[in-house]
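> The following block contains the structure, expressed as C-alpha cells.
Every number in this text was worked out from the coordinates using simple rules, so none of it is lab data. Just so it is clear, the structure is predicted and the values come from calculations on it, not from any experiment. Note: ideal-geometry Cβ built from the backbone for every residue, glycine included; neighbour counts use all protein chains shown.
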C-alpha cells in the first residue's frame, strides 16, 4: 500500500527525497534524526519536501535529519487500509527530543499548501492521543527507542482512511539575539570547498543559507612564516609560548620564526551557516564578523587555529556586529579568543556552546583567552565552559551580559569577571571545581567597578569551588539591568547534566576532534 495524498498537495514521490543530504552515515540513535512508524503507510515531508515514505505497517524507520534555523513544518500523511490511521514519531534534535503528542495538529481534508511553514493551521483540531508505546497490543513498532515518550496519534474517530498530522518546530534564538534570522528565505546551498564557502559567506548583503556536510572541512591556508617572541613558561621550564607582537612591542629574547596557516573569513550580513548531522568540523578558520548584521552559525566545531601561537586568530571575532546567534558550536585549540565581543556589538546570543579549553601548547595546559566582552549586549545560556582558565567571561566597559543555565567546570582561575562599569546577571548556573567564582576588581581612570547580581538561591555551587573575590567575599547581589526579553531559568542542580551532554557541535552525538 502507498500513502494516498489529499487533493491539492503537489509532490513527486518518485524522486529521491530532497532532504537526503541533510544527514547520512549513521544509524538510529547515533545522531539527530526522525523515528516514524504508522499502522499502515505514511509519507513524511519537511517544508513540503519529501523526507521518507513506507508501506510497511508498524515498522519504524529512522531518517538522519538536520533542521535549519527558523520554522520547520513537519507533515505526515498517514493512510490505513482498514480502521483508524495512526502514527508515532520522535524527532531527536541537538537541544532536545520532540516525541509525538497532542501538540500536533490533524486534518482529514487539508487545503492546498498545508506543508508550508506559512500555512495557517489554527482551525485544525489537536491530534487525539491513542496511547503510549506498549499500550496498544500488536501495534508497537520495531526499532523505536524503547524509552521514548512518544504517543500514537490519530483522529478522534473513524472515517477517512487518510489523515495529515502537522507540527511546526521553531529553531530560533532567545536573549539579546532574539531577532536574528540569518539568511532566512534563501535556498540551502551545500558547499564542500573553501572558494565557494568564502564567496557565499563574505558577500556583503545577499541572504544565504550555507550548509556544510558532517565531518572534517580542512580549510587551513598554506603554511607561511611568522616572526614570534618566545617566552619560557614560569610554571614549566620545559615549555615555551610564542606570541605575535605589535609594531610597538619588543622581544627581549629575540624573535624566532614560526609558521601559521589559518584562513580568515570576513562574514557578510544576512547569513546562516549550518553543519549537518553530528556537526561540521571546520579546521583552521577564524570567523570575523566585522560590522555584519543578522548572522547565524550553528552546529560547527571550530578548531586548530594556530594553537602554538598567541594573537594569531580567534575562533569567533565579533568586532561590531548586530543581531548574531551562535548555537551548538565547539571551540578547541585556538590561538587567541574563543569568542571576543568588542565595543558596539549589539544583540548577541551565544547558546549551547562548548568551550573546550584543553590545550597542551598553553603554559597551564588550559586555554586562558576564553571570552572577553567589551561594551556590548550579550546573552550566554546553556554553555559549557570546560577546562578553561579564567575569562568565562570577562566583561568590561559598560557591557551588559546575562548568563543563565551554564556549566562552568574545572577552572583554576577566575570564572566571571566584571570591571569598568560592566553589569552581569548570573542565574541558574552551575559552578564545579572553580577557584574564584566571581570578581569585581577596581578599574583605572576613575571608572566605576563592575556589578554582578547572582540572585539568592539561583546558582548551584558544586564540589571544590572557592569564594567570590571582592567586597565581603560572599555572593554578589548588586543592582544590574533587567533583561528585555522572556526566558525561563531552570534548576541548575538538574540542568547541568543536560548542558554537559548537549552543548557543542553535534550535541550528544558529537564527533571527536583530532590534530595530525
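> By how many nm would the segment from residue 28 to residue 82 grow when fully extended, if each residue of separation counts as 0.36 nm and the alpha-carbon distance is taken off?
Working: separation 54, 0.36 × 54 = 19.44 nm, distance 2.97 nm.
This chain segment gains 16.5 nm when fully extended.
> Within region 428-445, whose backbone N sits under 16 Å from a point 7 Å along Cα→Cβ of residue 478?
Residues passing the 16 Å test: 437-445.
> Moving on to the next point. What's the exposure ranking of 461, 487, going from fewest to most Cβ atoms within 10 Å?
On the way: 461 18, 487 15.
Least to most surrounded, the residues fall as 487, 461.
> So if R0 is 51 Å, what FRET efficiency would residue 442 and residue 97 give, r being the distance between their Cβ atoms, rounded to the nearest 0.05? Show your work: numbers first, answer last.
Working: r = 48 Å, r/R0 = 0.93.
With R0 = 51 Å, the Cβ-Cβ based efficiency is 0.60.
> Return the calculated 222 nm mean residue ellipticity for the chain, to the nearest 500 deg cm²/dmol, obtained by summing -39500 (n - 2.57) across DSSP H runs with n ≥ 4 and dividing by the residue count.
On the way: 2 runs with 20 residues, N = 516.
It comes out at -1000 deg cm²/dmol, rounded to the nearest 500.
> Calculate the FRET efficiency for residue 59 and residue 117 from the Cβ-Cβ distance with a Förster distance of 30 Å, rounded to the nearest 0.05. Walk me through the numbers on the way to the answer.
Working: r = 29 Å, r/R0 = 0.97.
Taking R0 as 30 Å, the efficiency between residue 59 and residue 117 is 0.55.
> Using only Cα atoms, locate the centre of region 460-499 and the centre of region 157-216, then give the distance between them in Å, rounded to an integer.
33
> Let me ask something else. Let me check against my output: what whole-number percent is the relative contact order of region 140-265, with C-alpha pairs under 8 Å and at least 6 apart?
Relative CO of region 140-265 lands at 19 percent.
> In region 386-498, what % of DSSP beta bridges are antiparallel (nearest 5)? Numbers along the way, then the final one.
Working: 1 of 24 bridges.
The antiparallel fraction comes to roughly 5 percent.
> Then there is this: Once you have the Cα-Cα distance between residue 71 and residue 156, take 0.36 nm times their residue separation minus that, and quote the gain in nm to one decimal. Provide the component values of the computation, followed by the final result.
Working: separation 85, 0.36 × 85 = 30.60 nm, distance 2.74 nm.
Full-extension gain reported as 27.9 nm.
> Which part of region 148-172 falls in the paramagnetic zone of residue 108, meaning amide N under 15 Å from the point 7 Å along Cα-to-beta-carbon?
In region 148-172, the label zone of residue 108 (backbone N under 15 Å from the point 7 Å along Cα→Cβ) covers 154-165.
> Could I ask something else about it? Counting pairs of alpha carbon atoms under 8 Å apart in space and at least six apart in sequence, what relative contact order in percent does the chain give? List each step's numbers first, then the result.
Details: 1549 pairs, mean separation 52.3, N = 516.
It comes to 10 percent, rounded to a whole number.
> Taking Cα centroids, how far is region 67-123 from region 371-432 in Å?
39
> Relative to the present Cα-Cα distance, how much length would full extension add between residue 225 and residue 179 at 0.36 nm per residue of separation?
Numbers: separation 46, 0.36 × 46 = 16.56 nm, distance 4.22 nm.
Here the segment from residue 225 to residue 179 would lengthen by 12.3 nm.
> Take the eigenvalues of the Cα gyration tensor for region 20-171, scale each by 5, and report the square roots as semi-axes in whole Å, largest first.
Details: eigenvalues 90, 76, 37 Å².
That gives 21, 19, 14 Å for the three semi-axes.
> Now a separate question. How would you rank 296-309, 342-355, 131-144, 255-268, highest first, on the average number of other Cβ atoms within 10 Å across their residues?
Details: 296-309: 25.1, 342-355: 23.3, 131-144: 14.3, 255-268: 17.2.
Sorting 296-309, 342-355, 131-144, 255-268 by mean packing, highest first, produces 296-309, 342-355, 255-268, 131-144.
> Over region 20-171, what is the relative contact order in percent, taking alpha-carbon pairs closer than 8 angstrom and at least six residues apart?
30
> I would also like to ask the following. Along the Cα→Cβ direction, 7 angstrom out, place labels at residue 126 and residue 259. What is the inter-label distance in nm?
So the two model labels end up 6.2 nm from each other.
> I'd like the antiparallel share, as a percent to the nearest 5, of DSSP beta bridges with both residues in the chain. Walk me through the numbers before you get to the answer.
Details: 55 of 147 bridges.
Given both bridge residues lie in the chain, the antiparallel proportion sits at roughly 35 percent.
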